[in-house]
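Colleague: Got a structure here, written out as structure tokens. Questions coming.
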């Protein structure tokens with residue numbers, strides 16, 4: 001959504017008269033402007049010492065940034081899925097199901113999970129390192145709309161998984177079928193998805209302190 005020209009002009013004139021960003025933010029919020037638009041308007045001007053407000057340059061590399069965050073999310077999802085699959089196979093080995101028709105533990109499944117982790121997890125770490133380096137160089141990148149959108153998507157998916165795990169736990173508890181095998185698998189899924197959810201939520205809260213770009 002494009003910002004109002006009147007809002008940008010007000011911010012520019014206010015900064016030019018020496019008002020602080022906190023004063024401008026408070027005045028606009030009292031006037032009824034949405035907080036996200038106020039942050040974006042303030043973020044349109046650089047925090048450099050100069051007699052007049054200095055506009056930030058137009059954002060470049062938006063497509064590359066979006067591709068980076070998508071790659072980060074995809075590699076994280078693949079790594080988390082295969083880590084869970086590997087742990088499931090180990091649980092099957094430790095707690096075999098006598099009623100299972102097929103073998104509860106297969107070396108092929110383990111090899112596939114390990115191979116996927118060996119390839120995707122280092123890529124995830126490398127991309128995460130690049131993103132962290134960019135954010136350190138320019139803290140406003142933490143509030144990027146593309147970054148927030150990917151984080152929101154990750155939070156929604158992990159929240160849905162956690163809800164499904166707890167529903168399944170209650171269902172099996174009510175049916176008296178809460179075995180050690182099932183409980184360990186449920187804890188595995190909850191642990192992996194819960195860690196991703198907490199990490200994403202913390203990152204999202206830190207981004208709220210920055211103007212959206």
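Colleague: If you fit an axis through the alpha-carbon atoms of helix 180-207 and take the longest principal axis of the Cα set of the chain, what angle between them do you get, 0 to 90°, nearest 10?
Modeller: It is inclined by approximately 10 degrees.
Colleague: Order of 28-35, 108-115 by packing, highest average Cβ count within 10 Å first?
Modeller: 108-115, 28-35
Colleague: For the range 1-58, rounded, prolate or oblate, judged on the Cα gyration tensor with a ≥ b ≥ c (square roots of eigenvalues), a/c < 1.5 rounded, else prolate if a/b > b/c?
Modeller: The shape class here is oblate.
Colleague: Which of 132, 177, 25 moves most in a GNM of the chain, Cα contacts under 10 Å?
Modeller: Result: 177 has the largest fluctuation of those listed.
Colleague: Calculated FRET efficiency, residue 198 and residue 70, Cβ-Cβ r, R0 30 Å, to nearest 0.05?
Modeller: 0.85
Colleague: Averaging over every viewing direction, what projected area does the convex hull of the Cα atoms of the chain cover, in nm²?
Modeller: Averaged projected hull area, Cα only: 15.8 nm².
Colleague: Do you know the relative contact order of the chain, to the nearest whole percent, from alpha carbon pairs under 8 angstrom that are 6+ apart?
Modeller: 25 percent
Laboratory data are not the source of any read-out in this text; all were calculated from the coordinates shown. It should be emphasised that the depicted structure is a prediction, and the values quoted were computed from it without experimental measurement. Glycine also receives a Cβ, built like all others from the backbone with ideal geometry; neighbour counts cover every protein chain displayed.
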